[in-house]
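**Student:** Sending over a structure as structure tokens; questions will come in a sec.
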Ligand code: 13P
């Protein structure tokens, strides 16, 4: 169960969130829990999470280890700051910041090399779904960004299916629609990495997950968890999602 805080909260807000959130998930051992704040709030989140079960993740990384890349942050820096996870290829990065399959793959390889667990996002836009191209888009994203990994590298990643039309819109995919997409993605994994890898891989659903719809989504055996935006910003709301 992962919260993507996008470009929200200050360091102070981050500390307050954890003070409220940790007691609410102290006995929640059924799921791995992650919070992904903005880069500058990672130290505050790591300090506040302490040795709780909540892992901290970044929302992106650059693939070079270091160098003259003004404004970028590398895998070793995130690792040293205490990150366990990193989100890669979020649709907002694809849409506003020129992310491509090629850069998704480079970031994923760098994350793995530096000991971070990538959460690699895929998902179709509304016009792609409406023109019946969902599977074509998912296949292209998988083929370009994920399939080139080795089996050992693939075992390190979590996939997040986030239909772009469901993000921040209040429009959730129905549990059946989400499960269909997850099944399709798992089929791609099986074809490339084998049935055991497909069964073991975790596929999260993201897109307007809320306390009142998480149960229906999680009732689908194909859905292994959630990547939550807006509803992860408030401690009680995200805790009730984690504890669905
Ligand atoms: P919302 O939960 O706000 O729709 O955002 C989903 C998302 O993009 C998580 O990465």
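The values are calculated or read from the model by the stated rules, or taken from the named source; none is laboratory data. Given the structure is predicted, the values throughout are model-derived calculations rather than measurements. Heads up, the Cβs are rebuilt from the backbone with ideal geometry, glycines too, and the neighbour counts pull from every protein chain shown.
**Student:** Out of all the residues in segment 145-166, is one or more in contact with a strand residue (DSSP E or B) (Cβ under 9 Å, 6 or more places away or on another chain) and more than 22 Å from residue 1 (Cα to Cα)?
**Tutor:** yes
**Student:** Within segment 137-163, how many residues are within 11 Å of the ligand (Cβ to nearest atom) and more than 18 Å from the chain's Cα centre (by Cα)?
**Tutor:** Result for segment 137-163: 0.
**Student:** Okay, next question. In segment 164-205, how many residues are in contact with a helix residue (DSSP H, G or I) (Cβ under 7 Å, 6 or more places away or on another chain), part of a loop (DSSP other than H, G, I, E, B) and within 15 Å of the ligand (Cβ to nearest atom)?
**Tutor:** 5
**Student:** Moving on. Is it the case that segment 189-200 has a residue that's over 19 Å from residue 241 (Cα atoms) and crowded, with 21+ Cβ neighbours inside 10 Å?
**Tutor:** Checked against the condition, which is being over 19 Å from residue 241 (Cα atoms) and crowded, with 21+ Cβ neighbours inside 10 Å, segment 189-200 yields at least one hit.
**Student:** Would you say residue 31 is at negative phi and touching a strand residue (DSSP E or B) at 6+ places or on another chain (Cβ under 9 Å)?
**Tutor:** yes
**Student:** Residue 217 - would you say it is modelled with pLDDT of 95 or more, in a helix (DSSP H, G or I) and under 22 Å from residue 140 (Cα atoms)?
**Tutor:** So residue 217 does not fit the description; no.
**Student:** I've got another one for you. Please go through segment 76-95 and give me each residue that is farther than 13 Å from residue 42 by Cβ and under 18 Å from the mean Cα position of the chain (by Cα), ordered by number.
**Tutor:** Scanning segment 76-95 gives 88, 89, 90, 91, 92, 93, 94, 95.
**Student:** What helices (runs of 4 or more DSSP H) lie completely within segment 52-121 and have 1 or more residues being crowded, with 17+ Cβ neighbours inside 10 Å and more than 16 Å from the ligand (Cβ to nearest atom)?
**Tutor:** Correct list: 75-80, 101-113.
**Student:** Scan segment 206-216 for residues that are surrounded by 16 or more Cβ atoms within 10 Å (Cβ to Cβ) and touching a helix residue (DSSP H, G or I) at 6+ places or on another chain (Cβ under 7 Å) and jot them down. Full working, then the answer.
**Tutor:** Taking segment 206-216 and keeping what is surrounded by 16 or more Cβ atoms within 10 Å (Cβ to Cβ), we get 206-211, 213-214.
207, 208, 209, 210, 211, 214, listed by residue number.
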